[in-house]
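**Q** Take this structure first; my questions come after.
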Amino acid sequence: MNLLIVEDNKELAIELKDFLSSTGYVCKISSTCKDALDETNSNHYDIMLLDLGLPDGSGFDILKSVRKKQSKIAVIVVTARAELDDKINGLHLGADDYLTKPFALTELQARLFAIVRRLGGFTQNELDLYGFKLQLQDYKVTYKEIPIKLTKKEFDIFQYLVLNKNRVITRMQLIEHIWGDILEVSSDSNFIDVHVRNLRKKLDKHTTLEWFETVRNVGYRINI
Ligand code: CA
């Protein structure tokens with residue numbers, strides 16, 4: 001999941017980035033409205049944490065702009081302002097959730113899980129499919145109670161495909177969502193196939209994977 005942290009308090013921004021990167025999100029920080037708008041215009045983000053008080057304007061302007069573009073990005077407004085007016089205003093403008101500073105990182109994590117689930121159309125933290133169980137919060141996969149040992153990357157790939165079920169996900173999308181900026185990784189995308197092959201090998205031991213489809217020369221799709 002790609003996450004944009006819009007926050008002008010450097011310390012807080014870095015704390016959020018460190019925490020969220022360690023829990024598997026690919027994060028970038030924007031500290032101004034202008035930078036946040038440039039980022040959302042040029043890159044794909046799944047989720048935005050949005051501070052309201054920014055040096056060159058209000059976070060509401062960013063929210064208005066991304067909603068005008070009908071972007072599906074999920075927005076959590078993170079603000080020191082606890083006033084009801086701000087909350088109502090934000091909800092009218094299309095915010096998905098609210099956090100009032102100061103907040104516990106575990107609370108942020110729980111809110112993010114709820115959003116990730118919603119993005120994938122699931123209602124629980126545990127995803128069931130064909131006997132497999134994915135536990136989003138613990139990065140665990142089991143098949144009929146038998147634990148399957150996946151690497152972090154394999155879990156992330158599996159989870160991303162499941163959350164985007166029934167859609168073809170290209171190699172480039174997987175790289176963007178799991179490794180971050182394409183420019184930071186090798187221009188050769190074949191390495192993704194190695195991770196997918198290993199993932200399949202581990203899943204294959206338990207079932208025949210007719211639901212896990214390779215779309216030739218394009219990418220992968222999980223049919224649910
Ligand atoms: Ca601020």
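Each value in this text was obtained by applying a stated rule to the coordinates, not by laboratory testing. What you are looking at is a predicted structure, and each value in this text was computed from that prediction instead of being measured. No Cβ is skipped: glycine too gets one built from the backbone with ideal geometry, and neighbour counts run over all protein chains shown.
**Q** Once the Cβ-Cβ distance between residue 107 and residue 140 is put in as r, and R0 is 25 Å, what FRET efficiency do you end up with, to the nearest 0.05?
**A** Once rounded, the FRET efficiency stands at 0.70.
**Q** Work from the charge dipole of the chain (Cβ charges, +1 for Lys and Arg, -1 for Asp and Glu, about the Cα centre) and give the residue of 224, 62, 175 farthest towards its positive end.
**A** So the residue we want is 224.
**Q** Under the Karplus relation 6.51 cos²θ - 1.76 cosθ + 1.60, θ = phi - 60°, what is the ordered set of whole-Hz ³J(HN,Hα) values for segment 140-155, x standing for Gly and Pro?
**A** Those phi angles translate into 10, 10, 10, 10, 6, 6, 7, x, 10, 7, 10, 6, 4, 5, 4, 4 Hz.
**Q** Would you calculate the separation in nanometres between label points at residue 200 and residue 130, each defined as 7 Å from the Cα along the Cα-to-beta-carbon direction?
**A** If labels sit at residue 200 and residue 130, their model points lie 1.1 nm apart.
**Q** Filter 34/140; 34/87; 10/68; 101/202 down to the pairs with a C-alpha to C-alpha distance above 32 Å, please. Don't skip to the end; give the middle numbers.
**A** Numbers: 34/140 39 Å; 34/87 23 Å; 10/68 28 Å; 101/202 42 Å.
Table pairs above 32 Å Cα-Cα are 34/140; 101/202.
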